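Step one of this worksheet: look at the structure below.
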Amino acid sequence: MDRAACEAAGIDVDEVLGRVLGREDVVERLFAAYLHDESVTKLGDALETGDLNAAERAAHALKGVSSNLAMETLSQMAVETLALVRAGDVKGARRLYPTLLDAHGRVVAAIS
């Protein structure tokens, strides 16, 4: 795990390590599993079609996984997107999505 890259991508490495009793091998497995998570793609698809129910499910799932893995920046974007979706503001969520996608891209680059 490249600690500096992870921290630059908004991942609180100490926090995620603390959640798994300092086991870096577990963190690496969890990060590898995250690379297969489809929440970001599902969120983008749902926002594109205006499906607020699917967008809410995807944003909530992304919020959960990113929060559990201490992906702080991405988690915050997911929280904000989820709030917009729950308020019925699909246009606002669509405007925020590129920022969320950028945060996701930085996380993926850091953990790959």
- Mind checking which pairs have a first residue in region 90-112 that is closer than 18 Å to A55 by Cβ and a second that is surrounded by fewer than 21 Cβ atoms within 10 Å (Cβ to Cβ) and β-branched (V, I, T), Cβ under 6 Å, 6 or more apart or different chains? A103/T73
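Go through region 54-74 and report how many residues are buried (at least 23 other Cβ atoms within 10 Å of the Cβ) and either touching a His at 6+ places or on another chain (Cβ under 8 Å) or assigned to a helix (DSSP H, G or I) (or both).
Qualifying residue count for the region: 6.
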- Task: Among the residues of region 75-92, count how many are in contact with a helix residue (DSSP H, G or I) (Cβ under 8 Å, 6 or more places away or on another chain), surrounded by fewer than 20 Cβ atoms within 10 Å (Cβ to Cβ), part of a helix (DSSP H, G or I) and of a type in the set (G, A, S).
- Result: 1
- Query: Consider D37 against the criteria (1) in a helix (DSSP H, G or I); (2) in contact (Cβ under 8 Å) with a residue 24 or more places away in the chain: it satisfies all of them except one. Which criterion is unmet?
  - Reply: (1)
- Tally, over region 93-107, of residues that are within 24 Å of R19 (Cα to Cα) and surrounded by fewer than 16 Cβ atoms within 10 Å (Cβ to Cβ): 1
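Every number here is computed from the coordinates shown, using simple stated rules; none is lab data. Here the structure is a predicted model, which is why all the values come from computation and not from measurement. Glycine also receives a Cβ, built like all others from the backbone with ideal geometry; neighbour counts cover every protein chain displayed.
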